[in-house]
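See below for the structure under consideration.
The values are calculated or read from the model by the stated rules, or taken from the named source; none is laboratory data. All values reported here derive from a predicted model rather than from experimental measurement. We place every Cβ from the backbone using ideal geometry, glycine too, and count neighbours over all the protein chains shown. Note: areas computed on protein heavy atoms with side chains; ligands, DNA, RNA excluded. Shrake-Rupley method; radii C 1.70, N 1.55, O 1.52, S 1.80 Å.
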Amino acid sequence: MPDTLGMLKVEGARLLPFGDARVRLLRRGGVPTGVLVIEYIDNPAETCPASPEAFADCAKRLERKRHAVFDALVGPLRRRYGPASVDSHFGSDEAEGQDPQQFSLTWKMQGYTLELGTGKEPSGHAEWTVRLVAIRDPEYPFL
């Protein structure tokens, strides 16, 4: 179903290697833009116990899972498309490049771009993500 921004979104899609994933088809002015986003998302603030030790252990497990999802994607993409350009920025203007765990890899091909990124969700929430984006729209990002 379209959300308030007009993008089509599916939550909880089961996709390997993501597991439960969020899939979005971005739209602008009611028209698909040619941007498809598939994301693995974790939010320790919502899913981990409140006690400091238990929270730390849970957050580490989520971080290991996030790295495993990223690693499962990056290998096949490198084999298929070759070396990627590395950008220490991920997401929006929020503290980009300040966290060594936030970065994206980009493969540019004729007519489209693939971007694989990991880091904190740019909306400012406590969500971490591994995001695979297929981009045909030359004006992306526009949100």
Next on the checklist: Looking at the structure I just gave you, is Asp137 open to solvent by less than 70 Å² (accessible area, probe 1.4 Å) and at pLDDT below 90?
Outcome noted: yes
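Can you work out which of the residues in region 96-134 that are outside any strand (DSSP E or B) and over 21 Å from Glu46 (Cβ atoms) is modelled with the lowest pLDDT?
First, the residues of region 96-134 that are outside any strand (DSSP E or B): 96-102, 110-111, 121-127.
After this cut, where a residue has to be over 21 Å from Glu46 (Cβ atoms) as well, the list is 96-98, 100, 110-111.
Values: Glu96: 45, Gly97: 42, Gln98: 50, Pro100: 58, Gln110: 88, Gly111: 86.
Within region 96-134, the match that is modelled with the lowest pLDDT is Gly97.
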Item to check | Test: residue in region 41-56 that is in a strand (DSSP E or B) and either modelled with pLDDT of 90 or more or within 29 Å of Gly75 (Cα to Cα) (or both) | outcome: yes
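Kindly indicate which of Ala50, Ala84 is surrounded by fewer than 15 Cβ atoms within 10 Å (Cβ to Cβ) and more than 14 Å from the chain's Cα centre (by Cα). Before you say what the answer is, go through the steps one by one.
Working: Ala84 fails: surrounded by fewer than 15 Cβ atoms within 10 Å (Cβ to Cβ).
Result of the check over Ala50, Ala84: Ala50.
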Checklist outcome for this item: From the option list Arg66, Arg78, single residue qualifying as open to solvent by 70 Å² or more (accessible area, probe 1.4 Å), under 19 Å from Pro17 (Cβ atoms) and modelled with pLDDT of 90 or more is Arg78
Checklist outcome for this item: Among residues of region 14-40 being under 15 Å from Leu132 (Cβ atoms) and not in a strand (DSSP E or B), the residue nearest to the chain's Cα centre (by Cα) is Phe18
